[in-house]
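What follows is one structure encoded as structure tokens, with my remarks underneath.
The values are calculated or read from the model by the stated rules, or taken from the named source; none is laboratory data. These numbers come from a predicted model, not from an experiment. Ideal geometry is used to build each Cβ from the backbone, glycine not excepted, and the neighbour counts take in all protein chains shown. Accessible surface is based on the protein model in full, side chains and every heavy atom, while ligands, DNA and RNA are left aside. Shrake-Rupley method; radii C 1.70, N 1.55, O 1.52, S 1.80 Å.
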Amino acid sequence: MAAPESGDGNNGAARMVTLISSDNTRFEVEAAAASLSQTLQLTILDGGGGGGDGIPLPNVDSATLSKVLEYCIKHAPAAANGGAPNATAVDRAELERFDNEFVNIDQSVLYSLIMAAHNLEIEGLQSLVAKKVADMIKGKSPMEIRRTLGFPDPTPEEQAEMNAHMLEYGWAYE
Amino acid sequence: MATGSGDRISALPDDILHLLLSRLPSDEEVRTCVLARRWRHLWKSTRAIRITNRPWTAEKLHNFVNHLLLLRGGTPADVCSLKCGHLRDLSSSGIEGSGHDFFQNIHLSRIYSPTAPIIEKMPLLVEADVRLEDNFTDQYRNGDYYGDCKDDKCLGCLGSSDGSSMLLEDLSGAKYLELTSDPRLYIFTRDCKFSTVFSSLKTLVLNDWCMGAEFGGLECFLRYSPVLKKLTLQLEYSENPGVKGIFGCGIWGKGQLSK
């Protein structure tokens, strides 16, 4: 089954690679999707990850890797198109809808996703999670941000320190 | 909402937090310094400066940018985004009078710390998005308020009074530039007269201001951007309502550009 004339430039069926999570689960995925990771790209270009070998990812557990690959598979066609300058508005809207839905997740999952996006150097995903965190901070008071980002409740001493700092940084407040 | 374990955004490594914070407008980024001791200085090391529209006075904006740049020290920025416009209550800030005074306040390259000029050339700058908007049209309609005072020797029109660099020169190392301005503002048009070479510029987005002064702005970029690949003109402010729209010129060959 020939993939549409795009992707990794191989003829015929899309080349597959195997990724192995930290808890030893194997994921078979198209090379084009896995190559969204800058970290994996060179290994894959060198022919790694095929056959029975698989590329071990000791820093990424299976739940996170599955989520990361969901992103990569969705974004691979557009990425293969060089940022998809020819993508239709419908395609772009669909990717945007997917992205919004994709980061609508628990903070612990988001945390793992941020770490994985950086370890694997997946640029689009890095941007997406960074935007998500920025949206979690925007327009909130310091106490609201602390709660949102999972800081422990401040001690009275820390609270006093925060107040003092807000005064000192008055120039950054409206 | 906090999990109580280590899986918290607040516990991410510094380098990742820098990237996350760099997405925020600079004022919100600075305000994260009160969150915790570990966050006190994180904002100073991010690689972006994003000045967004706030309902501030020019004085307040000036004060903010001064503090921001002074405390960042020499931290380089890859991204510089300036969106200046919605300033309020100019008269009470003591900025009324000549238009030049006002522009000195939003003209980043001319904002000074008590000790030294702050933004000079930014060789590491890759991407800059500068929007000079204007929302006080109705308040100030005094002829040439928007810039050129028609006096060739005017230091306000010829860059800053001590001969320091101008905005476009500061941005001349960028690969990606998006420069939009109310076409009546004079800052870009003036800076174009100084033949700054944009040696790395590959992608450029301009709006109507570049068509003014007999296409002076456009000509400047076509002449002094040797490796420009993609030029987009966003024409929205056109006097002629029939010429509204966004024109992307796609990838141009160098030969075409030099014509």
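With a requirement of 3 or more residues that are assigned by TED's automatic domain parsing to the domain that holds B:T180, touching a helix residue (DSSP H, G or I) at 6+ places or on another chain (Cβ under 6 Å) and at pLDDT below 80, the helices (runs of 4 or more DSSP H) lying completely within the stretch B:1-104 that satisfy it span B:58-72. Candidates are the residues of the stretch B:25-55 that are within 20 Å of the chain's Cα centre (by Cα) and facing chain A (nearest Cβ under 7 Å); the one that is farthest from A:W171 (Cα to Cα) is B:R54. Scanning the stretch A:99-112 for residues that are within 13 Å of A:K67 (Cα to Cα) and more than 11 Å from chain B (Cβ to nearest Cβ) turns up A:D99, A:E101, A:F102, A:V103, A:N104, A:I105. All of (1) more than 13 Å from chain B (Cβ to nearest Cβ); (2) of a type outside the set (A, V, I, L, M, F, W, C); (3) in contact with a strand residue (DSSP E or B) (Cβ under 7 Å, 6 or more places away or on another chain); (4) within 27 Å of B:A48 (Cβ to Cβ) hold for A:G50 with one exception: (4).
Restricting the stretch A:33-55 to residues that are without any contact (Cβ under 8 Å) to a residue 40 or more places away in the chain and part of a helix (DSSP H, G or I), the residue that is surrounded by the most Cβ atoms within 10 Å (Cβ to Cβ) is A:A34.
Looking only at residues in the stretch A:127-160 that are facing chain B (nearest Cβ under 7 Å) and basic (K, R), the one that is surrounded by the fewest Cβ atoms within 10 Å (Cβ to Cβ) is A:K138. Take the conditions (1) within 13 Å of chain B (Cβ to nearest Cβ); (2) touching a Leu at 6+ places or on another chain (Cβ under 6 Å); (3) within 24 Å of A:A31 (Cβ to Cβ); A:E123 misses just one of them, which is (2). Looking only at the stretch B:14-27, residues that are acidic (D, E) and over 10 Å from B:I51 (Cα atoms) come to 2 in all.
Filtered by the rule that a residue be loosely packed, with under 15 Cβ neighbours inside 10 Å and modelled with pLDDT under 90, the stretch B:224-242 gives B:E236, B:S238, B:E239, B:N240, B:P241, B:G242.
For every residue, the table says whether it meets (1) of a type outside the set (V, I, T); (2) in contact with an Asp or Glu (Cβ under 6 Å, 6 or more places away or on another chain); (3) open to solvent by 70 Å² or more (accessible area, probe 1.4 Å); (4) modelled with pLDDT under 90.
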| site | (1), (2), (3), (4) |
| --- | --- |
| A:R97 | yes, no, yes, no |
| A:F102 | yes, no, no, no |
| A:I105 | no, no, no, no |
| A:A116 | yes, no, no, no |
| A:Y173 | yes, no, no, yes |
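Considering the stretch B:30-67 alone, what residues qualify as being within 21 Å of B:V79 (Cβ to Cβ), open to solvent by 10 Å² or more (accessible area, probe 1.4 Å) and small (G, A, S)? Once the filter is applied, which keeps residues that are within 21 Å of B:V79 (Cβ to Cβ), open to solvent by 10 Å² or more (accessible area, probe 1.4 Å) and small (G, A, S), the stretch B:30-67 yields only B:S45.
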